[in-house]
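Single-structure report; data block below.
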Amino acid sequence: MVTQSAGPYTAAAVGMALAAYECRDKTEAEQRAYLKDAAYTISHARPTTANRMALITGGCLEAAETALASGENVSEAIMAYTVATNNRRYNKVYQMARHLVKMIPTHGAVMTQCFGETIVGQMCRVAKEEGKGDIRIFCPETRPYFQGARLTATVCRDMGMDVTVITDNMPAFTMKNEGVDVFTSAADAICMDGHVVNKVGTFQIAIAAKYNHIPYFVTGAPDKVHPTIDTVKIEMRDPDFSLQAMGVKTAADGVKGYYPAFDITPPELVSGVVTDRGIYVPYDLDRYYEGSDMGEFEMVI
């Protein structure tokens, strides 16, 4: 939990650069083996995002192979790949934000979930560019790490937006009484069958949005590595974290905790998948790849 949102994907690539530096004095064959082991370890650190991580580490391996073949510095080659990857992804997310902001009415209200750092920042940027800088943003706190309260709300505030933090049991009330127009989140995985895997709590907010006739737009490219929801493994974290709040104990000794890191929102609750190429219904995600096989985390070397 040292990094959040898309941060782990950058950390994974930089970790590969560090691994290349660590094995720089080995033979080429030994470097290849070292980097292959590092790629597996890094990409499988979190089970729910392992396939996406493998796209990043796999790209790093290709960059390393090219550098080895040409006698270049492998660690520097991976870092150059990382910077190019981030720039390309940020440009894609900016396009996503342009499509998303079109779904937010003037003087509207938006509810977020957890911390999608890239899309949150780009959404605020585009909103201002499009004359919608007065939208109100409501951020559920996202226990037990409080990413919504500590991170999403801070980014929105720093970008001059009207932002309010609510507790995780307030979304339905807030939607009805504060006139929320759109619920949006990023995703840790968007399966090709339309299921969305995101921070736990997304599912219940999507249910509340559906009941209140509020659209739910998830942002991100669909993941070819997840053809169906059956390919996703939900990460279960230390249950003791649900028995405290920022280190302050909230439950009595002997009480059990339960901590799934993510939940699954079915496609019938998803109004649209907002990508860099437009907005797709969750039942037609194959169309995203027509004419190109590149997603958000699949990068050209």
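Considering each residue of the range 109-126, count those that are touching an Asp or Glu at 6+ places or on another chain (Cβ under 8 Å) and either more than 16 Å from GLY272 (Cβ to Cβ) or among the basic types (Lys, Arg) (or both), and give that number. Break it down into steps so the answer makes sense when it comes.
Of the range 109-126, the ones touching an Asp or Glu at 6+ places or on another chain (Cβ under 8 Å) are 109-110.
Still in the running and either more than 16 Å from GLY272 (Cβ to Cβ) or among the basic types (Lys, Arg) (or both): 109.
Counting residues in the range 109-126 that are touching an Asp or Glu at 6+ places or on another chain (Cβ under 8 Å) and either more than 16 Å from GLY272 (Cβ to Cβ) or among the basic types (Lys, Arg) (or both) gives 1.
Residue-by-condition table, conditions (1) out of contact with any Phe, Trp or Tyr (no Cβ under 6 Å at 6 or more places or on another chain); (2) without any contact (Cβ under 8 Å) to a residue 40 or more places away in the chain:
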| position | (1), (2) |
| --- | --- |
| ALA206 | no, no |
| ASN212 | yes, no |
| PHE217 | yes, no |
| ASP230 | yes, yes |
| ARG237 | no, yes |
| SER242 | no, no |
| SER271 | no, no |
| ILE279 | yes, no |
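Among ARG98, ARG125, which is the only one that is closer than 23 Å to PRO282 by Cα, surrounded by fewer than 22 Cβ atoms within 10 Å (Cβ to Cβ) and free of Cβ contacts under 8 Å to residues at least 60 places away in the same chain?
Result: ARG98 is the single residue among ARG98, ARG125 that is closer than 23 Å to PRO282 by Cα, surrounded by fewer than 22 Cβ atoms within 10 Å (Cβ to Cβ) and free of Cβ contacts under 8 Å to residues at least 60 places away in the same chain.
If you scan the range 56-95, which residues turn out to be touching a residue at least 60 places away in the same chain (Cβ under 8 Å) and either touching a strand residue (DSSP E or B) at 6+ places or on another chain (Cβ under 9 Å) or over 25 Å from VAL120 (Cα atoms) (or both)?
Within the range 56-95, GLY59, GLU62, ALA63, THR66, ILE78, MET79, LYS92, VAL93, GLN95 qualify.
From the list THR228, THR250, exactly one residue is surrounded by fewer than 17 Cβ atoms within 10 Å (Cβ to Cβ), closer than 26 Å to THR118 by Cα and either in contact with a helix residue (DSSP H, G or I) (Cβ under 7 Å, 6 or more places away or on another chain) or of a type in the set (S, T, N, Q) (or both). Which is it? Talk me through it step by step, then tell me what you get.
Values: THR250 fails: closer than 26 Å to THR118 by Cα.
Just a single option satisfies the conditions, and that option is THR228.
Can you confirm whether GLY131 is under 21 Å from PRO171 (Cβ atoms) and assigned by TED's automatic domain parsing to the domain that holds PHE241?
Values: under 21 Å from PRO171 (Cβ atoms): no; assigned by TED's automatic domain parsing to the domain that holds PHE241: yes.
In short, no.
Out of VAL126, VAL120, which single residue is under 27 Å from PRO260 (Cα atoms), in a helix (DSSP H, G or I) and of a type in the set (A, V, I, L, M, F, W, C)?
Details: VAL126 fails: under 27 Å from PRO260 (Cα atoms).
Just one listed residue meets the conditions, VAL120.
Can you tell me which residue is farthest from the chain's Cα centre (by Cα) among those in the range 83-107 that are among the charged types (D, E, K, R) and within 20 Å of ALA63 (Cα to Cα)? Walk me through it before giving the result.
Here is the first cut: in the range 83-107, the residues among the charged types (D, E, K, R) are 88-89, 92, 98, 102.
This time we only want the ones that are within 20 Å of ALA63 (Cα to Cα), so: 88-89.
On the way: ARG88: 16, ARG89: 12 Å.
Per the criteria, the residue is ARG88.
Across the range 191-225, which residue is surrounded by the most Cβ atoms within 10 Å (Cβ to Cβ) among those that are in contact with a helix residue (DSSP H, G or I) (Cβ under 9 Å, 6 or more places away or on another chain) and hydroxyl-bearing (Ser, Thr, Tyr)? Spell out the reasoning first.
Pass one, the range 191-225, residues in contact with a helix residue (DSSP H, G or I) (Cβ under 9 Å, 6 or more places away or on another chain): 191-197, 199, 201, 203-212, 214-225.
Still in the list and also hydroxyl-bearing (Ser, Thr, Tyr): 211, 216, 219.
Values: TYR211: 11, TYR216: 23, THR219: 27.
Across the range 191-225, the extreme among qualifying residues is THR219.
Quick one: which residue in ALA45, ALA20 is at pLDDT 90 or above, outside the structural domain of TYR280 (by TED's automatic domain parsing) and of a type in the set (A, V, I, L, M)? Full working, then the answer.
Values: ALA45 fails: at pLDDT 90 or above.
The unique qualifying residue is ALA20.
Of all residues in the range 2-49, count the ones that are surrounded by 19 or more Cβ atoms within 10 Å (Cβ to Cβ), more than 20 Å from SER185 (Cα to Cα) and of a type in the set (A, V, I, L, M).
10
The values are calculated or read from the model by the stated rules, or taken from the named source; none is laboratory data. All values reported here derive from a predicted model rather than from experimental measurement. Positions of Cβ are backbone-derived with ideal geometry, glycine not excepted, and every protein chain shown enters the neighbour counts.
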